[in-house]
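The values are calculated or read from the model by the stated rules, or taken from the named source; none is laboratory data. These figures come from a predicted structure and were not determined experimentally. FYI the Cβ positions are ideal-geometry reconstructions off the backbone, even for glycines, and counts take in every protein chain you see. The protein model used for the area step is the full one, side chains on, heavy atoms only, and it has no ligands, DNA or RNA in it. Shrake-Rupley method; radii C 1.70, N 1.55, O 1.52, S 1.80 Å.
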Amino acid sequence: MDMTQTDPPGTTAINSYMGRVDAAARGLPPDRRIELLDQLREHLDAVSQSPDATESSVLAAIDRLGDPTEIVASEVDLPASAAVGAATSRSGW
């Protein structure tokens, strides 16, 4: 019996999005950058691992978070938790 593990829906899209956020966040102080990346990853992982997750629901969550450069631009003036909070509140999560 083959027990192949499959990735949660949207894994490739999440990894791609997180790579774009990481690239956009290179100018942030390291602690803020790490916090931002961790919070976004946690949010997207929760979406992808929910029982009713689909590729479409993950893509919609990514879309609601918005452009990585805009998220990072908001980081310049806000603590990471506030910026992610603003991004996730726009997403309805």
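Figures for the structure shown
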quantity	calculated
Segment 14-45 - residue that is exposed (fewer than 13 other Cβ atoms within 10 Å of the Cβ) and small (Gly, Ala, Ser) and, of those, modelled with the lowest pLDDT	Gly27
Count - residues of segment 47-59 that are free of Cβ contacts under 8 Å to residues at least 24 places away in the same chain and in a helix (DSSP H, G or I)	1
Verdict on Ser81 being at pLDDT 95 or above and small (Gly, Ala, Ser)	no
Residue in segment 55-70 that is modelled with pLDDT under 95, open to solvent by 40 Å² or more (accessible area, probe 1.4 Å) and over 13 Å from Gly10 (Cβ atoms) present	yes
Complete set of residues in segment 1-13 that are open to solvent by less than 30 Å² (accessible area, probe 1.4 Å) and either among the aliphatic types (A, V, I, L, M) or part of a helix (DSSP H, G or I) (or both)	Ala13
